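S.K.: Pasting a structure below so you can have a look.
The values are calculated or read from the model by the stated rules, or taken from the named source; none is laboratory data. Keep in mind that this is a model prediction, so the values were computed, not measured. For neighbour counting, all protein chains shown are included, and Cβ atoms are generated from backbone atoms with ideal geometry for every residue, glycine included. Please note that ligands, DNA and RNA were not included when accessible areas were found on the heavy atoms of the full protein model with its side chains. Shrake-Rupley method; radii C 1.70, N 1.55, O 1.52, S 1.80 Å.
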Amino acid sequence: MTDTGMTRGAAAAPENPKNRDWFELSVAAALPVAIAALAVFFYLNAPVFMTANNWISISVQVSALMTISIPFAMLLMAGKIDLSVGSTLALCGVVAGLSFEPLGIPGAILLTLAVGTGVGLINGLLVASLGMSPIIVTLGTLTLIRGLAQWLAPNPIFGFPEEFLVIGYERVLGLPILTWIMMAVIALGAAVMALLPIGPQIVALGVNQRAAFLVGLRVKAIGIALYAGTGFFVAVAALMSISRINSAPAGTLGVGVELSVLTAVLLGGIPFAGGKGSVIRVVLGVWLLGMLANGLILMNVPTELSLMTTGLVLVVAAALDVLRSRRS
Amino acid sequence: MTDTGMTRGAAAAPENPKNRDWFELSVAAALPVAIAALAVFFYLNAPVFMTANNWISISVQVSALMTISIPFAMLLMAGKIDLSVGSTLALCGVVAGLSFEPLGIPGAILLTLAVGTGVGLINGLLVASLGMSPIIVTLGTLTLIRGLAQWLAPNPIFGFPEEFLVIGYERVLGLPILTWIMMAVIALGAAVMALLPIGPQIVALGVNQRAAFLVGLRVKAIGIALYAGTGFFVAVAALMSISRINSAPAGTLGVGVELSVLTAVLLGGIPFAGGKGSVIRVVLGVWLLGMLANGLILMNVPTELSLMTTGLVLVVAAALDVLRSRRS
Amino acid sequence: MRLEVKDLRKSYGPVAVLKGVDLTVKAGEVLAFLGANGAGKSTLLNCVSGAQDADAGDILVDGASLRGASPRQVQDQGVAIIYQHFQVFEGLSVADNIFLGHEIKRGGRVDRRAQNAQARDLLARLGVDDIDPRGDLGALGVGERKVVEIARALRLKPKFLILDEPTASLSDKEAKALHEVIRQAVANDGIGVIYVTHFLDEIPKIADQVTILRDGRILWTRPVGEVSIADMTDAISPDALMSGLESIPFVADGPEALRLSNLKTGFVGPINVGLHRGEVLGIYGLMGAGRTELLECLSGAAPLSGGEMVLNGEKRAFSSPRDALTNGVALVASDRKEQSLFASFSAVENLMVPHMGRSPMPRLLRSFQQEGRGFERAARRLNIQPPNPRLQGQRFSGGNAQKIMVSRWLLEGSGVQLLLLDEPTQGVDIGARHELYEALADVKRKGTTIIVASSDATEICLLADKVMVLGRGQQVALIDNPHDEEQLIELAHKAEHSAEQMELT
Amino acid sequence: ADIKDVTTEQVRAAAANACEGGKTYKVAYSHSVSEVAIVKQVRRFADARAADLGCVTVLHDNTQANNLEQQINAIQGWITLDVDAIVVLPIEPTALQPLQRQAQAQGIKWLTYLGKMDGSDGFVGFDHAQSGQIVAQAAVDWAKANNVTDAKALVTTLTPLPPLAPRWTEVTRIFAENGITVVAEQDAADQTNGLRVAETVLQQHPDLDIIIGMADDAAVGALRAIKLSGANGDAMFVGGQDGSLEGLSAVNDGGAYRASAAILINELGANIVDLALNAVRDVEPSFAYTPTVLASKADQALLDKLLANYAN
Ligand SMILES: Nc1ncnc2c1ncn2[C@@H]1O[C@H](COP(=O)(O)OP(=O)(O)OP(=O)(O)O)[C@@H](O)[C@H]1O
Ligand SMILES: Nc1ncnc2c1ncn2[C@@H]1O[C@H](COP(=O)(O)OP(=O)(O)OP(=O)(O)O)[C@@H](O)[C@H]1O
Ligand SMILES: [Mg+2]
Ligand SMILES: [Mg+2]
């Protein structure tokens, strides 16, 4: 899917090294600059956008998406993908909702995390161990697990114990718990990538899986761990979501999340084929999407226009991506 | 996204060359065999499945999907992708619906085909000429064009001229016109791939785009033509759809078609990275999906179970794919 | 302590490459493992390292079997390998590349400071002190990448070290440092080494034993003191490489077919040279000299940034290889796998795909008959084995695949007047090499102008009527009727050095 | 007579003896969003009525997310199966006309659900406009009763589905007539989106008074937003539509969620079966509305009855 043949004939790069640095910097800064510009735009059109409260509320609104996007980004860096995240979110929500009563809150939470991790493990075994195509497999589990979630929940599931709902609204040190969880996940992701041995190993897998194998990396184990990790954090996101909405609608919970996550992560500069990327840029990608959704509602922009704007942002992101990769 | 490192530890291949041939044959035959087995299964559970009328009705049901899947498959063989097909379908439907009155039927059809081709052309220019990431760009146009379609059609569009609706229900020589169109598209796709110079050149792009470029193939032109062709046939599919449903609901027409097409084409054995594939196998992939949907309804399988079944079929397909590629 | 290979067998499809190989390396000994291109050296080493599965036989370290072990398990047994092909990761830092999978940890975390220090140390021992361990590997040249790979292997402190043509991409200085490191490791730590190379003059400097692989079997193993270079050459390929081949003298006639004046592209240039019809220009240089870049420019794959190219009296600047092809210029790119072969295509498709839809093939519909005939003729002309048009490109041996690549532009009626070849015999065995040379001579006789870039001075001297020596992108010499290989090598090295000095000042 | 006058009792009575004579029936029922919880409940009540009668099988389809192609394909399958009656929520009535013709030509009775089509053999009615009007009127009454002047409202919509439009256009119309300003109209049909939209709009308009969801699910999400944002629910009106278990429970809890335009879901489910049987057996009535009622704390008895429908 790369255009090796094409880039060569492309417009000449600025030859002067100073220009070049400047150019590289500006492309790298595109995402933060876009976020800043958008923020200013929204501020001018809806001043309330720029309040601390609204930013906190954006942080809560993106918290579940972010919690999935971080491990998802790591998976993508390793050249894998998991399209089943939305359905797994629903399944985990349903499992949690059904098990509060029989198991109590800690039991329900543990079971949910186990189910999410288990789903990830299965995806991981199919893809990393048996070598199946990540896209086909998880396109399959996307459908399969949605069916499973709906089958488990013939009746609506809602009204969870207040002690659990606390997660969804309580603040600690001035910030919502959900925001704290999100920040913890970001910190964890960034730390894993930057500090642990597995960080560069994940990237190496995405650069060249065969070489990674030859060099002695535990290619299968890393792949399985990444899928299991993604499943685990999808379960965390499910708990975050349902604690917020106090309901676990099996049919609609998490629908389309795979596309949102993919969009956010691609926006965050991870190439679809993997092999590079930074957690921090992914955070910016998610944030950009969240801000966009929030600002467009504040401005009460009609659906059609919001869709067009969001689409345009992606196309622009793709264009920036080309500029960035041309330089390297 | 390939698992080069993984194949090594796999179960040993049958060493005896005779076994091997047999094995290869059986894997290659998996799709037709699966279709036959499924047909028998449905027949036993709902005898009406095996009637000529039902098969004709399956053919009509898959006709639009097939019409998109053939060019989409060729695009995928060339290592590209177009996720915007569902939205483009909606846009084309809306354009047709709005222009029957001012332009008349031939004018409306021409305009629709032009719009579809134009959208494809734009995708093609962005991807093949400017070298942007096919996934991000078409994920962007997927959203953008849906917005555009809804913006063009704030009110429901329905009630088309009877002379146009004829396409959707009339039969010629015993078969519905839609079936004929579908067969023509299949024949065209198969002929292009098998008989025209561009056939192997398309695949060459997917195998090794750099080599294709160096060897003097028109890499950009082929890429653009493939996108434009996909857009054109999406427009054809839009006309087929709206003539069948006599309305062009901007918000729901073609929603999720990108995933159905991708599923069908992957089922049809085209690897996500491109570089090989056969039109006939894609036809079988589309047919399998169509048959599955039809048979599950005839058997009155509940939603949850049919979702699970469909997902399972995909996972099995991924497994067969592994077996197939292990052999080569 | 010893590493033993016992009766190892390996076939690719019907082709048996290893037909029962026995090999032993003892601790404290360097074994030079020699054989012609395609003899199966890398195949054997890959079976040892766990990169490939042998069909039969066994591999023992200290009596423990490594059969079926993964690369990781082989490493854990104290065997490290440096593959012939690069196994490095662009986008990761140099230090990460060196320590990948064997990181230095402190409290579970990567100790980057210690890694960087050790990396700097390892690299310095290998004669390279200007690489920043924290820098991106992608910024390094080929030689430096090789050094990084060697550092990675040394870092494992192996009991046995396997090196598959390590010096092919190293400068003299780096090669010397590598030899020193190996000598020390053997003397101080008593490791055993298998060393594969095509530079036979390295062998007396470093090896204790010499082993020759031929026809899938070990021909002999002898102490290095008992064999001369001539013995080795004979053993590797019984027919002396160039026997029966003579360069065809070239007689200039008519106007110039090609003239490059002050041509610049990328970091290469200015280039000045003129060629007649039927004349062969050889381009010689060390790794990274800019040969590929120059050929890519002439073939339209890279933009011309200055000067001009005059082809048959007309000024040209091609916008794409397609454009070049239309004007009779064609390229056989180096790196077959990455740049010219369509691995999954059949032989006939590989041969014909560039011509489909243009003359001499039919414009509209494909003609399978004509395609088949084209392949038949090419197969006969270059002796493509097996002459099976349906066989997938990736199933041909390197030499035969390369014959198909070259045949593309020998197709009658394709109108190629200027043929560019980049490392045309890379990974091509002797027999095929001969056949390729003969084919080129044939083409030359018919009046096609040829430019061959190669890192094999012998090959250049054999083929070329004129040699251009490149060093760091500069045209350092233009020699008519070359015959002295040593002179070329010297010029190229000197150019590299003076450029280095120029950079320093 | 006006079909609005047809009572549920009449429908039940006419269908009561359908199973006499040992005949069996297949009734196929297609809803457009089978993934939504409330639809599952409707299906449940249809199945329950079929089981009561003993000679009827109800067939369900897989149409999700208002996918018209899926619906058409399902109906085509039923025509192939030669069922006795098809009850369909027409995503696009015009789209289904050819199928209607084909089915009726084959002797299959064609009934529509919610939306109307010409030439149908029956109608399982439920009026989106009425639903919108009921909940809007409740909001207007609440504003008057509580002396809320210059009220500000958020109305959730689902613009990709114009057939449902009366659920929000009626609301905005009535609000306009009564001096209530609609400050935001945004798409939201489920809990997640209802929460997100309401939460955001509350940032912009902390003085928001009224939120009307185009479905109970969306309104339930909005209710959560009020709770989570710490807005004063006592001074707000949240209303939904459908009468889903979740929505009714919220009403019953007695807070900001003050009303749901609730369809009598058990009757609706039973009507699918009964009206289809009546059409098949050519007895009157086969056209009837299932009433939509205002579920609110003001009529606890009705609320209890509605809730009791969901008890197993
Ligand atoms: N994956 C493969 N599939 C088919 N044939 C192969 C494969 N790898 C190598 N071969 C063939 O096996 C033979 C031995 O190759 P190998 O690379 O081991 O030779 P070598 O001695 O290392 O040569 P060189 O000196 O050129 O590196 C060659 O003819 C080669 O074409
Ligand atoms: N001084 C330089 N400035 C910029 N790029 C350089 C310089 N020296 C080498 N390079 C890069 O090194 C690479 C090697 O050049 P090229 O491939 O043309 O060399 P070559 O002579 O064909 O060597 P080989 O094929 O053996 O690697 C090119 O990609 C070029 O961009
Ligand atoms: Mg080798
Ligand atoms: Mg080169």
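S.K.: Looking only at strands (runs of 3 or more DSSP E) that lie completely in the stretch D:86-192, which have at least 3 residues being open to solvent by 10 Å² or more (accessible area, probe 1.4 Å), over 22 Å from D:S260 (Cβ atoms) and within 14 Å of chain B (Cβ to nearest Cβ)?
M.R.: Numbers: elements: D:109-113, D:122-125, D:152-157, D:181-187.
Per the criteria, no element qualifies.
S.K.: Which one is modelled with the lowest pLDDT among residues in the stretch C:154-170 that are in a loop (DSSP other than H, G, I, E, B) and within 16 Å of ligand 2 (Cβ to nearest atom)?
M.R.: Filtering the stretch C:154-170 for residues in a loop (DSSP other than H, G, I, E, B) gives C:156-159, C:165, C:170.
Next, only the ones that are within 16 Å of ligand 2 (Cβ to nearest atom) stay: C:165, C:170.
On the way: C:E165: 87, C:L170: 79.
Out of the qualifying residues, it is C:L170.
S.K.: What's the total number of residues in the stretch B:201-260 that are touching a Cys at 6+ places or on another chain (Cβ under 6 Å) and part of a loop (DSSP other than H, G, I, E, B)?
M.R.: Residues of the stretch B:201-260 that are touching a Cys at 6+ places or on another chain (Cβ under 6 Å), as a first pass: B:235, B:238.
From what is left, the residues that are part of a loop (DSSP other than H, G, I, E, B) are none.
Looking only at that region, the number is 0.
Quick grid of which residues meet (1) within 11 Å of another protein chain (Cβ to nearest Cβ); (2) buried (at least 20 other Cβ atoms within 10 Å of the Cβ); (3) polar (S, T, N, Q); (4) without any contact (Cβ under 8 Å) to a residue 60 or more places away in the chain:
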site	(1), (2), (3), (4)
B:W180	no, no, no, yes
B:V185	no, yes, no, no
B:P197	yes, yes, no, yes
B:G206	yes, yes, no, no
B:I242	yes, yes, no, no
B:I245	yes, yes, no, no
B:G251	yes, yes, no, no
B:L266	yes, yes, no, yes
B:G274	yes, yes, no, no
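S.K.: Show the residue pairs meeting these rules: Cβ distance below 9 Å; 6+ apart or different chains; first residue within the stretch C:29-44 and touching a residue at least 12 places away in the same chain (Cβ under 8 Å); second residue within 16 Å of ligand 4 (Cβ to nearest atom) and aliphatic (A, V, I, L, M).
M.R.: C:N37/C:V428; C:G38/C:V428
S.K.: Kindly state which strands (runs of 3 or more DSSP E) lie completely within the stretch C:249-361 and contain at least 3 residues that are within 16 Å of ligand 2 (Cβ to nearest atom).
M.R.: Values: elements: C:256-265, C:268-276, C:280-285, C:306-311, C:314-316, C:329-332.
It comes to C:256-265, C:268-276, C:280-285.
Here's the yes/no breakdown for (1) away from ligand 3 (no atom under 16 Å from the Cβ); (2) open to solvent by 30 Å² or more (accessible area, probe 1.4 Å); (3) modelled with pLDDT of 90 or more; (4) not assigned by TED's automatic domain parsing to the domain that holds C:G143:
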{"residue": "C:V17", "(1), (2), (3), (4)": "no, no, no, no"}
{"residue": "C:K26", "(1), (2), (3), (4)": "yes, yes, yes, no"}
{"residue": "C:A32", "(1), (2), (3), (4)": "no, no, yes, no"}
{"residue": "C:G38", "(1), (2), (3), (4)": "no, yes, no, no"}
{"residue": "C:K41", "(1), (2), (3), (4)": "no, no, yes, no"}
{"residue": "C:N46", "(1), (2), (3), (4)": "no, yes, yes, no"}
{"residue": "C:G63", "(1), (2), (3), (4)": "yes, yes, no, no"}
{"residue": "C:L66", "(1), (2), (3), (4)": "yes, no, yes, no"}
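S.K.: From the list C:A51, C:A69, C:A95, pick out the single residue that is away from ligand 2 (no atom under 16 Å from the Cβ), under 22 Å from the mean Cα position of the chain (by Cα), among the aliphatic types (A, V, I, L, M) and farther than 27 Å from C:A235 by Cα. Step through it out loud before you land on a result.
M.R.: Working: C:A69 fails: under 22 Å from the mean Cα position of the chain (by Cα); C:A95 fails: under 22 Å from the mean Cα position of the chain (by Cα).
That would be C:A51, the only listed residue that is away from ligand 2 (no atom under 16 Å from the Cβ), under 22 Å from the mean Cα position of the chain (by Cα), among the aliphatic types (A, V, I, L, M) and farther than 27 Å from C:A235 by Cα.
S.K.: Right, something else. Look at C:A302 and say whether it is over 25 Å from C:E485 (Cβ atoms), free of Cβ contacts under 8 Å to residues at least 60 places away in the same chain and within 16 Å of ligand 1 (Cβ to nearest atom). Show your work before the answer.
M.R.: Working: over 25 Å from C:E485 (Cβ atoms): yes; free of Cβ contacts under 8 Å to residues at least 60 places away in the same chain: yes; within 16 Å of ligand 1 (Cβ to nearest atom): no.
No, not satisfied.
S.K.: Of all residues being open to solvent by less than 10 Å² (accessible area, probe 1.4 Å) and out of contact with any Lys or Arg (no Cβ under 9 Å at 6 or more places or on another chain) in the stretch D:214-243, which is farthest from D:A145 (Cα to Cα)? Just the residue, please.
M.R.: Among residues in the stretch D:214-243 that are open to solvent by less than 10 Å² (accessible area, probe 1.4 Å) and out of contact with any Lys or Arg (no Cβ under 9 Å at 6 or more places or on another chain), the one farthest from D:A145 (Cα to Cα) is D:A218.
S.K.: Another one. Is at least one residue of the stretch D:50-66 more than 14 Å from chain A (Cβ to nearest Cβ) and within 16 Å of B:T252 (Cα to Cα)?
M.R.: Within the stretch D:50-66, none of the residues are more than 14 Å from chain A (Cβ to nearest Cβ) and within 16 Å of B:T252 (Cα to Cα).
Conditions (1) away from ligand 4 (no atom under 16 Å from the Cβ); (2) out of contact with any Gly (no Cβ under 6 Å at 6 or more places or on another chain); (3) within 22 Å of B:G275 (Cα to Cα), marked per residue:
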residue	(1), (2), (3)
C:V332	no, yes, yes
C:D335	no, yes, yes
C:A347	yes, yes, yes
C:P354	yes, no, yes
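S.K.: Is it the case that some residue within the stretch B:32-52 is in contact with a strand residue (DSSP E or B) (Cβ under 8 Å, 6 or more places away or on another chain) and either modelled with pLDDT of 90 or more or away from chain D (no Cβ under 11 Å) (or both)? Break it down stepwise before answering.
M.R.: Let us first name the residues in the stretch B:32-52 that are in contact with a strand residue (DSSP E or B) (Cβ under 8 Å, 6 or more places away or on another chain), namely none.
Within the stretch B:32-52 (the criterion being in contact with a strand residue (DSSP E or B) (Cβ under 8 Å, 6 or more places away or on another chain) and either modelled with pLDDT of 90 or more or away from chain D (no Cβ under 11 Å) (or both)), the answer is no, since none of the residues qualifies.
S.K.: Something else: Taking the criterion of being open to solvent by less than 20 Å² (accessible area, probe 1.4 Å) and either within 26 Å of D:G269 (Cα to Cα) or more than 10 Å from every other protein chain (Cβ to nearest Cβ) (or both), would at least one residue in the stretch D:196-209 satisfy it?
M.R.: yes
S.K.: Out of C:G143, C:G101, which single residue is of a type outside the set (A, V, I, L, M, F, W, C) and more than 14 Å from chain A (Cβ to nearest Cβ)? Spell out how you get there, then give the answer.
M.R.: On the way: C:G101 fails: more than 14 Å from chain A (Cβ to nearest Cβ).
One residue alone meets the criteria, C:G143.
S.K.: Considering (1) over 21 Å from the mean Cα position of the chain (by Cα); (2) of a type in the set (A, V, I, L, M, F, W, C); (3) at the interface with another protein chain (Cβ under 10 Å from one of its Cβ atoms), say which one A:I122 fails and leave the rest.
M.R.: Among (1) over 21 Å from the mean Cα position of the chain (by Cα); (2) of a type in the set (A, V, I, L, M, F, W, C); (3) at the interface with another protein chain (Cβ under 10 Å from one of its Cβ atoms), the lone unmet condition for A:I122 is (1).
S.K.: Filter the stretch A:158-178 down to residues that are open to solvent by less than 60 Å² (accessible area, probe 1.4 Å) and free of Cβ contacts under 8 Å to residues at least 12 places away in the same chain and give me whichever is nearest to the chain's Cα centre (by Cα).
M.R.: Of everything passing the filter in the stretch A:158-178, A:I177 is nearest to the chain's Cα centre (by Cα).
S.K.: How many residues, within the stretch C:303-359, are within 7 Å of chain B (Cβ to nearest Cβ) and either buried (at least 16 other Cβ atoms within 10 Å of the Cβ) or more than 25 Å from the chain's Cα centre (by Cα) (or both)?
M.R.: Step one: list which residues in the stretch C:303-359 are within 7 Å of chain B (Cβ to nearest Cβ), which gives C:321-322, C:325, C:331, C:333, C:338-345, C:349, C:353-354, C:356-357.
Still in the running and either buried (at least 16 other Cβ atoms within 10 Å of the Cβ) or more than 25 Å from the chain's Cα centre (by Cα) (or both): C:321-322, C:325, C:331, C:333, C:339-345, C:349, C:353-354, C:356-357.
The total comes to 17.
S.K.: Mind listing whichever residues of the stretch D:67-79 are at the interface with another protein chain (Cβ under 7 Å from one of its Cβ atoms) and polar (S, T, N, Q)?
M.R.: D:N67, D:N73, D:Q76
S.K.: Can you go through C:F160, C:F86 and tell me which one is under 30 Å from C:L60 (Cβ atoms), within 16 Å of ligand 4 (Cβ to nearest atom) and not basic (K, R)? Full working, then the answer.
M.R.: Details: C:F160 fails: within 16 Å of ligand 4 (Cβ to nearest atom).
Only one candidate qualifies: C:F86.
Residue-by-condition table, conditions (1) charged (D, E, K, R); (2) touching a residue at least 60 places away in the same chain (Cβ under 8 Å); (3) more than 16 Å from ligand 2 (Cβ to nearest atom):
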{"site": "C:Q385", "(1), (2), (3)": "no, no, yes"}
{"site": "C:P389", "(1), (2), (3)": "no, no, yes"}
{"site": "C:Q394", "(1), (2), (3)": "no, no, yes"}
{"site": "C:G398", "(1), (2), (3)": "no, yes, yes"}
{"site": "C:K403", "(1), (2), (3)": "yes, no, yes"}
{"site": "C:W409", "(1), (2), (3)": "no, yes, yes"}
{"site": "C:E423", "(1), (2), (3)": "yes, yes, no"}
{"site": "C:I450", "(1), (2), (3)": "no, yes, yes"}
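S.K.: Additional query: Can you tell me which residues in the stretch C:442-496 are hydroxyl-bearing (S, T, Y), open to solvent by 10 Å² or more (accessible area, probe 1.4 Å) and either more than 16 Å from ligand 1 (Cβ to nearest atom) or touching a Phe, Trp or Tyr at 6+ places or on another chain (Cβ under 6 Å) (or both)? Step through it out loud before you land on a result.
M.R.: Going residue by residue through the stretch C:442-496, those that are hydroxyl-bearing (S, T, Y) are C:448-449, C:454-455, C:458.
From what is left, the residues that are open to solvent by 10 Å² or more (accessible area, probe 1.4 Å) are C:448, C:455, C:458.
Listed by number, the list holds a single entry, C:T448.
S.K.: I'd like the full set of residues that are of a type in the set (D, E, K, R), more than 20 Å from the chain's Cα centre (by Cα) and open to solvent by 80 Å² or more (accessible area, probe 1.4 Å), limited to the stretch C:181-216.
M.R.: The answer is C:R183, C:D189, C:K205, C:D215.
S.K.: Follow-up question, since we're still on this one. Tell me which residues, restricted to the stretch B:285-310, are open to solvent by 50 Å² or more (accessible area, probe 1.4 Å) and either more than 11 Å from every other protein chain (Cβ to nearest Cβ) or part of a loop (DSSP other than H, G, I, E, B) (or both).
M.R.: Result: B:M299, B:P302.
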